[in-house]
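Here's the structure, in structure tokens; my notes come after.
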Amino acid sequence: MHTLEQLRSGALAGIRRLDLSAGLDHFPSEIFGLADTLEVLNLSGNRLASLPHDLARLHRLKIIFCSDNPFTALPDVLGECQQLRMVGFKACRIAHVPAAALPPQLRWLTLTDNAIAQLPYELGERTALQKLMLAGNRLRALPDSLAQAANLELLRLSANRFETLPTWLTQLARLSWLALAGNPLGWYHTAPPALPTVPWADLVQDGLLGEGASGHIYRVHRRSGGESLALKVFKGAVTSDGLPEHELAASLAAGPHPALTTPCAELSDHPHGARGLLLPLIPEGFVNLAGPPSLDSCTRDVYAGDMHLPASTALQVARRMAEALAHLHQRGVMHGDFYAHNILWHPSTGEALLGDFGAGTLLPSDNAAQARALLALEVRAFGYLLEELVARMAAGSAADGMTLVLQDCLNLVPAQRPAMADVAWRLSRLA
């Protein structure tokens, strides 16, 4: 994080990224002194309610973050920034999104956790749009122009007010990651079997294992029996994917599977009323298959540059993940965030585990056609994983067979994609 003192002294001359959180209630004019180099501007966590009318003087600006500021409207001046591709205004107070605020080259728009009830028609005219984050707003509809959003790949609509979905949503050619939980869609869901509960008092914490957008994960052991487990305690705040309660519901509905990190018990009697899940500990040696998308890659994961996979290992990962997704789909669960960065794998064995149900959606069990149409979107996400695996394995019969499968999964006509059960069967037949 940079400081005002550094900015004013000239110590930041020539930088490409500025991160400034200093209780600002106005835009520091000294930022314009960086106009010839500045590409990323992060002013999140201040007290800003407006941006200067001449912001476009930052003529190299590609990315702007202004989350956690008291904006009530997305500033019009953003639309004048010709190079601006990524706009992030999460957890502000935005109720109005004017068409003038949409940059011509907009690729990634994050408006999570605001008060937006309507979006401008012009949003669908931004042909570069790939990623649209709208969870935690007041939307009842999307502009019909988005039916023409040929490059839209990721869409977050959780925790809004949709009672119906646009008919064109499941026809978007490249849409692969979708989150819908927490909308009054009136869908009927079969109740999952109840998990056993474990009281807070029966757990002893052995340290923090990690922290995600939706909660903290601890290593714990039970006083009664000494069993070691992982405990995820939900924060209760809106994340980019939706609400933690939806993640919990999807985790419960998913049920047990050897390739899923699904819960074995539910936490009870937390002293502050927090909800939590107990999960088996991940064995030693498992690591993330890839890193999450970068600001440049937008919707695609980032792999180690020197990563090479033996054909047998890549095929093992593909099979395990196909089986995991087929299981979820059979249970009426759309994962919503099927990515390599949510896959833990063991490099020496190819064993793989799929986790993170933060974008999970429970699909209607009384409308098979609609459920199939939505699940076809996730089949495309699986196709991307196969594409990434094939790119990192040696040529041969396994790579050729996986290529044929991925081509079907990536079909630009969603209705023509195979079901995940068929994908899993085809991969099981490859040598």
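Throughout, read-outs are computed from the coordinates displayed, never taken from laboratory work. None of these values were measured; they are calculated from a predicted model. Glycine gets a Cβ as well: all are built from the backbone with ideal geometry, and neighbour counts include every protein chain shown.
Candidate membrane-span-like segments in the chain, meaning DSSP H helices with Cα atoms spread over at least 30 Å of their own axis and a Kyte-Doolittle mean of 1.6 or above, do not occur, with no membrane implied either way. Estimated purely from DSSP H runs of n ≥ 4, each contributing -39500 (n - 2.57), the mean residue ellipticity at 222 nm for the chain is -6000 deg cm²/dmol once divided by its residues. Note on Arg47 and Arg223: the model spin-label points, each 7 Å out from Cα along the C-beta direction, lie 4.6 nm apart. Taking the Cβ of Leu229 as the center, what net charge do the other residues with Cβ under 13 Å away carry, scoring Lys and Arg +1 and Asp and Glu -1? Net of charged neighbours comes to 0. Each Lys and Arg Cβ is given +1 and each Asp and Glu Cβ -1; about its Cα centre, the range 137-285 then shows a dipole of about 280 debye.
In the range 287-428, taking the dipole from charged Cβ atoms about the Cα centre, the farthest positive-side position among Leu385, Ala371, Ala352 is held by Ala371. Considering only Val413, Ala230, Leu84, and ranking their Cα positions along the charge dipole of the chain that arises from unit charges at the beta-carbon of Lys, Arg, Asp and Glu, the one farthest toward the positive end is Val413.
What GluC sites (Glu not before Pro) in the range 122-181 are in a loop by DSSP, with at most 16 other Cβ atoms within 10 Å of the Cβ? The qualifying sites are Glu163. Cross-link reach is defined here as a Cα-Cα straight distance under 23 Å, omitting same-chain residues fewer than 8 places apart; for Lys62 the lysines meeting it are Lys90, Lys131. Peptide packing for 263-274, 369-380 was compared via the average number of neighbouring C-beta atoms within 10 Å per residue; ordered from the highest value, the list is 369-380, 263-274. Give the distance, in whole Å, between the Cα centre of the range 212-275 and the Cα centre of the range 366-431. So the separation of the two Cα centres works out to 30 Å.
Evaluated with a Cβ-only charge set (Lys, Arg +1; Asp, Glu -1), the chain carries a dipole of roughly 300 debye about its Cα centre, given to the nearest 20.
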